[in-house]
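**Student:** This is the structure I want to talk about, given as structure tokens.
Derivation of every value follows stated rules applied to the coordinates shown; laboratory data play no part. Because the structure is predicted, anything quoted here is derived from the model rather than measured. Positions of Cβ are backbone-derived with ideal geometry, glycine not excepted, and every protein chain shown enters the neighbour counts.
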């Protein structure tokens, strides 16, 4: 390992004010929420907001790998819709022979398909040597068209007999904690471990901060980056698994524009968009900030319905600027 | 005198032609009807594509002398190119078009008309109505107004309502206008109107937020059935029971099924049927087969879909 890599890997262990940025921002947004509407802090509302941020958070953990290793994935929203469609079709097909176990089998198929989609992205970027922005812009269109084609522009609903047994995966809870939140925690813990405690994680940072230096020190940058895309695909599939029971269908608008939310969450969280620096817990804070802001837009009566997106944009930019000045 | 004879002769010839064609002894001149519609990117346009393809199959099977060509386009620019390609490849006897946007498509359609093509416009009008020979459209204001009238009556002109609107467009504005104008004349209070972009997911989260914000909601109106499905899931999960009605609009088959089953929360819907494209294609075909001339504007009403008439609006094989 080179000195540069070693110092990078030592970074996360020190607690610096700058690293606390996303969490301070989250606290500020929550404080604003409490002042705007008292029902913001109600148990149901908090549970709703945290649960629905699970999808973006899980996908964003994968994106933290891709971005910190020097890549970018615009296809996650479409990939999410595509994987959801494949999973529902598989579950419906298996249901007559397997009953409730079709859900488990379908989820397994989803993970495989997700990983393969990620692998495809990774190979186009590394073997094909195409800019990740363009490569994943291409697959974004492909995945979106495939789900539209599979559903004839309508929707792919899950069998009624599977809906009830599958519901708890989104709506259920373990000791009061919603299942999607637990799933997010597991994904984040595993993600943090891999990024901060394993050789692969350090290689990710090395490939992202300076690909040439990494290459000279014996890191296979192509392999590291391809693997990051595969991890991204797996995260998308995990998000899809807890997404399906929510509405029980995949449509051509499923996951639309999620890629932008995911990238925003990652960057708000403190991961550098140009690579070399990853903040997994910050990413989760970023996903929560986005969801809380959206929630507050509805709960407050101050913002015109026409201006919601503008106010959201301003808040995100302010959060980033605050982050910069704390540094 | 001579003109009359000539006309009579003409009629005779036409009649004999039809007779000949009917026996199939003579290959009659093919009539080409081009259909240009948006690609299936969401439920409603998916329905449009389905009904256009159904019309193509049915008409070509019934009338061998008519060739229906269905072309879908993913954007306004692509639709302009599709029109040019269609007109260049063959002589079009008729064009049935559901324009992406009014402004961008007006010029290109006018050029097609210049070659003598019969023009039928569906749903979205062109900026110059003089171009079209036939106009078939639904009534978005009625979609909002009829729902509001029914709701006001059921609620006894009292209560609190939340509304979910779609993507900022004329269609969305008209539906909201139809609804709010009727409600304004009652004591019903509209607590909130927010965009959910005709998207099930966004409607689900928006409804969750409405439920957190307002302790008492008597009814919900989502101006599209796709969104209604998200709303219903959010209500169901919240366990709130004070909401008497949750209504949509558009006539999506899942919602029509609820109406047929006599669902207490969603007992009605209002149609803005994608099948209007099929109605238009049939009207155009009529003049090439049975000589049934068709000119003018046809505004399809948005009557309430109730358990009694739901089967007329139910297409189990359509994606929408």
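**Student:** Given 25 °C and 0.890 mPa s, how large is the Stokes-Einstein diffusion coefficient of chain B in µm²/s, with Rh as the Kirkwood radius over Cα pairs? Please list the in-between numbers first.
**Tutor:** Details: Rh = 21.5 Å.
In µm²/s, the coefficient rounds to 114.
**Student:** Ok, one more. Normalised by the empirical 2.2 N^0.38 Å for globular proteins, what value does the Cα Rg of the range A:171-327 take? Working shown, then result.
**Tutor:** Values: Rg = 18.1 Å, N = 157, 2.2 N^0.38 = 15.0 Å.
This ratio for the range A:171-327 stands at 1.20.
**Student:** Another question about this same structure. Residues of A:145-154, mean number of Cβ from any other protein chain within 10 Å of their own Cβ, rounded to a whole number? Spell out each step's value before the answer.
**Tutor:** Numbers: counts 3, 0, 0, 7, 1, 0, 5, 11, 16, 16.
Shielding by partners across A:145-154 averages 6.
**Student:** First obtain the Kirkwood hydrodynamic radius of chain A from its Cα pairs, then insert it into the Stokes-Einstein equation at 10 °C and 1.306 mPa s, and state the resulting D in µm² per second as a whole number. Let's see the in-between values first.
**Tutor:** Values: Rh = 20.3 Å.
Approximately 78 µm²/s, per Stokes-Einstein.
**Student:** Could you tell me whether the range B:140-260 comes out rounded, prolate or oblate from its Cα gyration tensor? Rule is a ≥ b ≥ c as square roots of the eigenvalues, rounded for a/c under 1.5, then prolate if a/b exceeds b/c, otherwise oblate. Walk me through the numbers on the way to the answer.
**Tutor:** On the way: a/c = 1.31, a/b = 1.06, b/c = 1.24.
It is rounded, given that a/c, with a ≥ b ≥ c, falls under 1.5.
**Student:** Any chance you could run the full-extension gain for residue A:44 through residue A:167? It's 0.36 nm times the residue separation minus the Cα-Cα distance, nm to one decimal.
**Tutor:** Values: separation 123, 0.36 × 123 = 44.28 nm, distance 1.77 nm.
Length gained, residue A:44 through residue A:167: 42.5 nm.
**Student:** Only counting other Cβ atoms within 10 Å, I'd like B:204, A:23 sorted with the fewest neighbours first. Don't skip to the end; give the middle numbers.
**Tutor:** Numbers: B:204 24, A:23 17.
Taking fewest neighbouring Cβ atoms as first place, the list is A:23, B:204.
**Student:** Please report B:118, B:63, A:229 as a ranked list, fewest other C-beta atoms within 10 angstrom at the top and most at the bottom. Let's see the in-between values first.
**Tutor:** Values: B:118 21, B:63 18, A:229 30.
So the residues, fewest neighbours to most, are B:63, B:118, A:229.
**Student:** Work out the P(r) tail for the range A:52-171: percent of alpha carbon pairs separated by more than 24 Å, whole number.
**Tutor:** Values: 2381 of 7140 pairs.
Of all Cα-Cα pairs in the range A:52-171, 33 percent lie more than 24 Å apart.
**Student:** Could you tell me how many degrees, from 0 to 90 and to the nearest 10, lie between the Cα long axis of helix B:200-213 and the main elongation axis, the longest principal axis, of the Cα atoms of chain B?
**Tutor:** Computed tilt is about 30 degrees.
**Student:** In peptide A:155-168, how many Cβ atoms from other protein chains are near each Cβ within 10 Å, on average? Could the numbers behind the result be given before it?
**Tutor:** Working: counts 10, 1, 2, 0, 0, 0, 0, 0, 0, 0, 0, 0, 1, 0.
Mean shielding count: 1.
**Student:** Sticking with this structure for a sec: Only Cα pairs within less than 10 Å get springs; with that Gaussian network setup on chain B, which residue of B:287, B:79, B:216 has the largest fluctuation?
**Tutor:** B:287
**Student:** Stretched out fully, how many nm does the piece from residue B:295 to residue B:238 gain, at 0.36 nm a residue minus the Cα gap?
**Tutor:** On the way: separation 57, 0.36 × 57 = 20.52 nm, distance 5.19 nm.
Here the segment from residue B:295 to residue B:238 would lengthen by 15.3 nm.
**Student:** For the peptides A:135-147, B:306-318, A:40-52, what is the packing order when you average, over each peptide's residues, the other Cβ atoms within 10 Å and list the highest mean first?
**Tutor:** Working: A:135-147: 19.7, B:306-318: 14.1, A:40-52: 17.6.
Highest mean packing first, the order is A:135-147, A:40-52, B:306-318.
**Student:** How many nm separate the modelled label positions at residue B:75 and residue A:304, each set 7 Å beyond the Cα in the direction of the Cβ?
**Tutor:** About 2.9 nm, to one decimal.
**Student:** Under the Kirkwood approximation for Rh and a Cα-based Rg, what ratio Rg/Rh is obtained for the range B:48-163?
**Tutor:** Numbers: Rg = 18.8 Å, Rh = 16.6 Å.
That ratio is 1.13, to two decimals.
**Student:** If only Cα atoms are counted, what is the Rg of the protein assembly as shown, and what is its Dmax, in Å?
**Tutor:** In Å, with Rg to one decimal and Dmax whole: 28.3, 106.
**Student:** Can you figure out the FRET efficiency of residue A:142 with residue A:98, using R₀ = 35 Å and their beta-carbon distance, to the nearest 0.05?
**Tutor:** Details: r = 30 Å, r/R0 = 0.86.
Plugging the Cβ-Cβ distance into 1/(1 + (r/R0)^6) gives 0.70.
**Student:** Here is a further query. Sorted by average packing, counted as other Cβ atoms within 10 angstrom per residue and highest first, what order do A:303-315, A:199-211, A:91-103 take?
**Tutor:** Values: A:303-315: 13.2, A:199-211: 22.9, A:91-103: 16.2.
For the peptides A:303-315, A:199-211, A:91-103, the packing ranking is A:199-211, A:91-103, A:303-315.
**Student:** Another question, then. Would you calculate a helix-derived [θ] at 222 nm for the protein assembly as shown, using -39,500 (n - 2.57) for each DSSP H run of n ≥ 4 and dividing by the full residue count, to the nearest 500? Working shown, then result.
**Tutor:** Values: 26 runs with 390 residues, N = 647.
That calculation yields -19500 deg cm²/dmol at 222 nm.
**Student:** Taking the highest mean first, how do the peptides A:240-252, B:219-231, B:130-142 order by number of other beta carbon atoms within 10 angstrom per residue? Before the final figure, lay out each step's value.
**Tutor:** On the way: A:240-252: 24.8, B:219-231: 27.3, B:130-142: 19.6.
My ranking of the peptides, most packed first, is B:219-231, A:240-252, B:130-142.
**Student:** Just grab the label-to-label distance for residue B:60 and residue A:322, each label 7 Å out from Cα along the Cβ direction, in nm (one decimal).
**Tutor:** For residue B:60 paired with residue A:322, the spin-label model returns 6.1 nm.
**Student:** Still on this structure, please answer the following. Working from the alpha-carbon coordinates of the range A:150-207, get Rg over Rh, Rh being the Kirkwood radius. Numbers along the way, then the final one.
**Tutor:** On the way: Rg = 18.1 Å, Rh = 14.7 Å.
Expressed as Rg/Rh, it is 1.24.
**Student:** Using C-alpha positions alone, give me the convex hull volume of the range B:245-320 per residue in cubic angstrom.
**Tutor:** Working: hull volume 7.4 nm³, N = 76.
Looking at the range B:245-320, the number lands at 98 Å³ per residue.
**Student:** Shifting gears a bit: If you take each beta carbon of peptide A:30-40 and count the beta carbons of other chains within 10 angstrom, what is the mean? Walk me through the numbers on the way to the answer.
**Tutor:** Working: counts 0, 0, 0, 0, 0, 0, 0, 2, 0, 6, 2.
The mean count of partner-chain Cβ atoms within 10 Å per residue comes to 1.
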